[in-house]
Amino acid sequence: MHRDLRLTAVGRRYGIRGPWVLRGVDLVIAPGTLTRIEGANGTGKSTLLRLLARLDAPSEGRITGRPRTAYVPERFPSSLPFTAAGYLTHLGSVHGLGRDTAARAALTWLERFGAGGYAGTPMARLSKGTSQKVAVAQALLGDPELLVLDEAWTGLDAAARAELERAVAERTAAGGAVVFVDHDPRRLAGVPDATYTVTGGGLLRRSDSDSDSGGTADGPVTVVVAQGPAGAPLPPEAVRAARSAEETAPGRHRLTVPASHSDVLLRALLTARPPWHVVRVEPGTADAPHRDPGSRP
């Protein structure tokens, strides 16, 4: 994603005289960011996501920026005349992938979400949970610049939910943007760059101080201690993934990262050229004091 996606004074209503679902919405989605959308049922969260995904057009205002976008709806139509792999291969071809490449990508994503054994199963025969895995896979196989998730974790088993969190981390680390709605306030807690509440047809940005009055609290974190080559800066992807980074000794860094993003951080360190040495990985708390054994006195 190379440019911001920007909503300016956007409003949406259904029918010429219908009530306004959203009005006067200003929002900027920048590359490499994760944005959470909150709000009570019926306030217009899904309408906002459909506008971001360009599935609906605004009734007033304008939307600028056209990132390559993928969308996971709250309800996925599973009664389609395809097998799971056939559907994903077809969509991969629509995204511009060659058929063989699309077929390989389809199987890769099905395996990642624990649905590889259902590749040849007709979509109409899949369980709700497996259908949701296919819905998520179809959004990811084209490497979207903007990923829009409307309750995408609903119906997934624990392993698939964790895998989707890793996929979100991969998208933002690669410079893409992700916007999501989820009913669980612990989902990706402490990770979003911005959180907005849809209320009264408008959009309010929540400040950090709001977390004490019902907002999302910080989630679990992982502490990574890594030793880099002499004089080498931290890899950019590691910097983007980490919540904090402290040099505790020459070339040795202690990084705190949301647990859902730890795989992205470790991969960035280990695939850097030259690679970094990971000294230790351990669970931690974002605000707990800690002294690395190799740190300066």
- line: Here the Kirkwood hydrodynamic radius of the range 64-211, Cα-based and in Å, equals 16.1
- line: Within the under-11-Å Cβ sphere about residue 33, not counting residue 33, Lys/Arg +1 and Asp/Glu -1 give a net charge of +1
statement: If each K or R counts +1 and each D or E counts -1, the residues other than residue 67 whose Cβ falls under 13 Å of its Cβ total +3
statement: P(r) over all Cα-Cα pairs of the range 11-148, 5 Å bins from 0 to the longest distance, whole percent per bin, short to long, reads 2, 9, 17, 18, 16, 13, 12, 8, 3, 1
message: Using 0.36 nm times the number of residues separating residue 99 and residue 64, minus their current alpha carbon distance, what extension gain do you get?
response: 9.4 nm
On Cα atoms only, tilt of 99-112 relative to the major axis of the chain in degrees: 70
message: Based on alpha-carbon atoms only, what is the radius of gyration of the range 221-284 relative to the globular estimate 2.2 N^0.38 Å?
response: 0.95
field: Pair-distance profile P(r), taking every C-alpha pair of the range 121-173, with 5 angstrom steps and integer %
entry: 4, 19, 31, 24, 14, 6, 1, 0
statement: For residue 61, the residues 5 or more places away or on another chain with a placed amide H closer than 5 Å to its own amide H are 11
Fewest-first ranking of 29, 16, 37, using other Cβ atoms within 10 Å as the exposure measure: 16, 29, 37
query: Hey, could you pull the Cα Rg and Dmax for the chain, both in Å?
result: 20.6, 70
- request: Over the alpha-carbon set of the range 1-54, divide Rg by the Kirkwood Rh and report the Rg/Rh ratio to two decimals.
  value: 0.99
statement: For the range 240-253, Karplus-derived ³J(HN,Hα) couplings (6.51, -1.76, 1.60; θ = phi - 60°; whole Hz; x for glycine and proline) come out as 5, 6, 6, 7, 8, 9, 9, 7, 9, 6, x, x, 9, 10
- line: Here, GluC sites (Glu not before Pro) of the range 1-108 satisfying both criteria (DSSP loop; at most 11 other Cβ within 10 Å) are none
message: Tell me the volume per residue, in Å³, of the convex hull enclosing the alpha carbons of the range 144-276.
response: 127
- prompt: In the chain, with Lys and Arg counted as +1 and Asp and Glu as -1 at Cβ, which of these residues, 113, 239, 84, has the Cα nearest the positive end of the dipole, that is, farthest along it?
  reply: 84
statement: Mean-square fluctuation maximum in Gaussian network of the chain, Cα pairs under 10 Å, restricted to 88, 80, 22, hits 80
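Taken together, the values in this text are just the output of simple stated rules run on the coordinates, not laboratory data. All values reported here derive from a predicted model rather than from experimental measurement. Cβ sites come from the backbone with ideal geometry, for glycine too, and all protein chains shown count toward neighbours.
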